[in-house]
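Asks: Got a structure here, written out as structure tokens. Questions coming.
Bear in mind that the values in this text are calculations on the coordinates, not laboratory data. Keep in mind it's a predicted model, so treat the numbers as computed, not measured. Positions of Cβ are generated from backbone atoms using ideal geometry, with glycine treated the same way; all protein chains shown enter the neighbour counts.
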Amino acid sequence: MTDGLRLFFALPCPPAEAERITAWRNSLARQPGRSVAQDNLHVTLAFLGRQPAARLASLRTLAGALRTEPFELRLERLGLTAGGVLWLEPSDAPAALLQLATGLREALAEAGVDYDRQEFRPHLTLYRQADARPEGASPVLAWQVDRFALYHSQDTAAGVRYRSLADWPI
Ligand code: 2AM
């Protein structure tokens, strides 16, 4: 599908934490590749890819029906994937986070909505096409998660922008 909207569900990184991690990243020696814009920092729960706009109503309904507990998310492990994605991940993912992602993915499957079926591995991407893991101690990001959101990934003249279409309390 070339039309439609590129969508994903995610936890937004709160502005103060996004500012902190961006300052840390900007303090590093320059890397090749692309950093994720401060306003775009997030933890993906489920990546849907292109979806018809007509599906938005059912996505809102299924997301609104999910029930979980607020939890603290602590991202303290810096990782570099073979594909050059530099990310922060929890050393111990909270059970409530896994429950939220699993519940969401099950609801999507039940509604017949396609999504990326890779096993859920919570992380916050900082950099793409990096060629080295920065030296030194990993920074730590932590916040109380009480909302998740549906995002529209848009290509703009200023680069990709993630716009929140709706969000829900957890
Ligand atoms: P992200 O790193 O910005 O969260 C489609 O695969 C998108 O889903 C990727 O661009 C990535 O975006 C996210 N993703 C990839 N692998 C994942 C995984 N194992 N668990 C959760 N999200 C993943």
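Asks: Just one of Ala29, Ala46, Ala63, Ala54 is hydrophobic (A, V, I, L, M, F, W, C) and free of Cβ contacts under 8 Å to residues at least 24 places away in the same chain; which is it?
Replies: So the residue among Ala29, Ala46, Ala63, Ala54 that is hydrophobic (A, V, I, L, M, F, W, C) and free of Cβ contacts under 8 Å to residues at least 24 places away in the same chain is Ala54.
Asks: How many residues does the stretch 108-132 hold that are over 17 Å from Gly49 (Cβ atoms) and more than 16 Å from the ligand (Cβ to nearest atom)?
Replies: Qualifying residue count, the stretch 108-132: 3.
Asks: Which of the numbered conditions does Gln118 fail, given that it passes all the others? Conditions: (1) in a loop (DSSP other than H, G, I, E, B); (2) in contact (Cβ under 8 Å) with a residue 24 or more places away in the chain; (3) not aliphatic (A, V, I, L, M).
Replies: Checking Gln118 against (1) in a loop (DSSP other than H, G, I, E, B); (2) in contact (Cβ under 8 Å) with a residue 24 or more places away in the chain; (3) not aliphatic (A, V, I, L, M), the one that fails is (2).
Asks: Go through the stretch 82-123 and give me each residue that's farther than 24 Å from Trp143 by Cα and among the aromatic types (Phe, Trp, Tyr).
Replies: Listed by number, the list holds a single entry, Tyr115.
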